[in-house]
1. Among (1) under 24 Å from G169 (Cα atoms); (2) open to solvent by less than 20 Å² (accessible area, probe 1.4 Å); (3) without any contact (Cβ under 8 Å) to a residue 40 or more places away in the chain, which single condition is P55 missing?
2. Considering only the stretch 62-93, state which residues are free of Cβ contacts under 8 Å to residues at least 40 places away in the same chain and either within 17 Å of M1 (Cα to Cα) or open to solvent by 20 Å² or more (accessible area, probe 1.4 Å) (or both).
3. Could you pull out the residue among V97, V130 that is at pLDDT 90 or above, over 14 Å from I57 (Cα atoms) and among the β-branched types (V, I, T)?
4. In the stretch 130-169, which residues are touching a strand residue (DSSP E or B) at 6+ places or on another chain (Cβ under 6 Å) and either small (G, A, S) or assigned to a helix (DSSP H, G or I) (or both)?
5. For the stretch 121-132, give me the residue count where each residue is touching a Pro at 6+ places or on another chain (Cβ under 8 Å) and surrounded by 16 or more Cβ atoms within 10 Å (Cβ to Cβ).
6. Determine which single condition V162 fails, assuming it passes every other condition in (1) over 30 Å from V24 (Cα atoms); (2) out of contact with any His (no Cβ under 8 Å at 6 or more places or on another chain).
7. Mind listing whichever residues of the stretch 147-173 are open to solvent by 70 Å² or more (accessible area, probe 1.4 Å) and touching a residue at least 24 places away in the same chain (Cβ under 8 Å)?
8. Within the stretch 100-127, count every residue that is within 18 Å of T60 (Cβ to Cβ) and in a loop (DSSP other than H, G, I, E, B).
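The values are calculated or read from the model by the stated rules, or taken from the named source; none is laboratory data. These numbers come from a predicted model, not from an experiment. Cβ: placed from backbone, ideal geometry, glycine included. Neighbour counts: every protein chain shown. All accessible areas refer to the heavy atoms of the entire protein, side chains included, with ligands and DNA or RNA removed. Shrake-Rupley method; radii C 1.70, N 1.55, O 1.52, S 1.80 Å.
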Amino acid sequence: MTIIVAPGMRVLAVALWAVSVALVPLAVVGDGSPWLAPLPSLFIMFFAWAVLWRPRIVLTPEALRIVDVRRESTYAWRRVTDVRTKYGLEVVSSEGVRRTWIATRPTARLGSLRPGGTVRLSVEAAADEVRAMVPAVVEQDGPPPASVTAAPIVHRAHGWSVLALVVLGFVGAMAAAQL
């Protein structure tokens, strides 16, 4: 299994987590209500996780899994037809083109998580790793087989996390307005 991430986004997530943790003692020491600072801090922490830490591309022998902010998509390898890098990392399947969150431009810096640490990758090198898993097209001469097993594409929306971002953002902004 290969996991491709954006190390720069993960470093920013860690920095935001440190800032959000530092906000809480500052609010407790200050004159305001000590309960108001944890709400914006909680929003910052959740935002850093959902938007910066969680997005990744997972390559397994069975499927390609793309985890973004809004959803997680799993493509059986037979459904993936190409990987493009003109505008960032884009996966082409029988469903259409899917741009990834971690590489929205061709100059993005990516990394592959390995047992010894993170190996730096360019978008083109990451696309090559994905392309290596895409099966070759099999030419067929004759009628199609009598039974065909469907190769699934599964999309799972991250509805709870998007809802949590909206609610925590609203509550955090209201609490921050009272600080």
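1. Of the numbered conditions (1) under 24 Å from G169 (Cα atoms); (2) open to solvent by less than 20 Å² (accessible area, probe 1.4 Å); (3) without any contact (Cβ under 8 Å) to a residue 40 or more places away in the chain, the odd one out for P55 is (3).
2. E62, A63, R65, I66, V67, K86, Y87, V92
3. On the way: V130 fails: over 14 Å from I57 (Cα atoms).
Result: V97 is the single residue among V97, V130 that is at pLDDT 90 or above, over 14 Å from I57 (Cα atoms) and among the β-branched types (V, I, T).
4. Within the stretch 130-169, V130, R131, M133, A151, A157 meet the criteria.
5. Within the stretch 121-132, the subset touching a Pro at 6+ places or on another chain (Cβ under 8 Å) is 123-124.
With surrounded by 16 or more Cβ atoms within 10 Å (Cβ to Cβ) added as a condition, the list becomes 123.
Matching residues across the stretch 121-132 total 1.
6. V162 satisfies all of (1) over 30 Å from V24 (Cα atoms); (2) out of contact with any His (no Cβ under 8 Å at 6 or more places or on another chain) except (1).
7. Here is the first cut: in the stretch 147-173, the residues open to solvent by 70 Å² or more (accessible area, probe 1.4 Å) are 147-150, 152, 154-157, 160, 163, 166-167, 170.
Within the stretch 147-173, P152, V154, H155, R156, A157 meet the criteria.
8. 3
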